[in-house]
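Shown next, in structure tokens, is the structure this report addresses.
All of the numbers you see were taken from the coordinates with simple rules; none came from a lab. Quick caveat: nothing in here was measured; it's all calculated off a predicted structure. As a convention, Cβ positions derive from the backbone with ideal geometry for all residues, glycine included, and neighbour counts pool all protein chains shown.
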Amino acid sequence: MTTAPFVSYAQNREDVILHRVLGDLTTGRYVDVGANDPVEDSVSKAFYDRGWSGVTVEPVHEFAERQRAERPRDIVVEAAINEQEGGTVEFLEVSDARLSTLVADIAEGHERNGWEVSRTQVPSRRLDAVLDEAGWGNETIHFLSIDTEGAEEAVLRSIDLSRFRPWVILVEATKPQSTEASHGDWEHLLLAADYRFAVFDGLSRFYLAAEKWDEYGDRISAPANVLDNYVTYRSMERETELERLSQATVDLNEALRVTSEDRDLIRASRDAIAVDRDRIAAAAREFERASAARDQQATDAIVRWRAAAFGAWSRAATSSATVTGVASSEELTFLRNHTHAVTMELAAMRNTLSWRITAPLRKVRRLGRLVGR
């Protein structure tokens, strides 16, 4: 079964070596002095993510606040570790906070290189006092990491290594911003406390408690390498970002495809609407023609009826006068007036444009009726 790679956060893969030695432990404790950021270049981050907890010491307020926010299981001590327990000590905070130090000569060198340096007072604590305060007097400490920009000796002098026995101690062993070795100032303190040098990774030196050598000595003898099956968290972030961008590209292409399909559908709908519009217009014209024909037929019928009625009335009036010879003046007047009105109405209808236009058609119809007789 393939094991997921270890995710390394440390600046120089120090956590890879620690994981090779201590990775079999499901839980553990660490002490991280000069912890800096809780994620970026952190030696202890990968172990915290695996359920470990520890004491993190950081005098830079900004970093200490981040530690508190990111590491609720950890005990965060905002102080400088020194041989002096209590009171304050001058702390030289560099504009690149990772370079901040207790050592004046180192701070002056940073100033000469263009860094801004501010001087402040921070609490001074001994490391063994911090551990006692945390209740760790009888607890197992699996590793102690020290990265204090030149103050490593002061840290080692502040802990009683006969009482507190971290299994592994790793200490930054070059002068700040340099490859020049610095372990000569403090290594004797570790050797005298029965720790054995194990490996130098180019930046830090690793020491293993003598009582753990037989069990772990062979695991700690080499720097991080390809056989350790690890990836850096930055590469993981890049991979995650690439996956996000890849998915975003897929989503965008799908959106473009759907948009294209929608555009085709809209175009087809527009064409269908245009066809329907033409059909509706044709139907409207046909309806108008049919309505006009029906109106004309109705007009013709009215004219024929009134003409027939006019003839009948005229004949009736003449017949009545002839037969009786004594038609009343009122009846004659009524018939004459009604006959005149109908005559005028027929004349008006015959003078309309529609009547004149359809006159040839009526003649043809009459001729057809005569022929039919």
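For the reader, a short list of remarks on this structure follows.
- Taking the DSSP bridge list for the range 6-228 and keeping only pairs wholly inside it, about 50 percent are antiparallel.
- Sparsely packed loop sites in the range 48-144 (the GluC sites (Glu not before Pro) outside DSSP H, G, I, E and B with at most 11 other Cβ atoms within 10 Å) comprise E116, E139.
- Our estimate of slack between S246 and F197, defined as 0.36 nm per intervening residue step minus the Cα-Cα distance, is 13.0 nm.
- Cut-off under 5 Å, modelled amide H: who pairs with A79 long-range: E58
- Compactness of the range 6-228, expressed as Rg and Dmax over alpha-carbon positions, Å: 16.4, 48
- Likely footprinting exposure, W167, W213, fewest C-beta neighbours within 10 Å first: W213, W167
- Note on D262 and A274: the extension gain reaches 2.5 nm, defined as 0.36 nm multiplied by sequence separation minus the Cα-Cα distance.
- Sequence ranges 143-151, 249-257, ranked by mean other-Cβ count within 10 angstrom, highest first: 143-151, 249-257
- Peptides 12-19, 38-45 ordered by packing proxy, namely the average of other Cβ atoms within 10 Å per residue, highest first: 12-19, 38-45.
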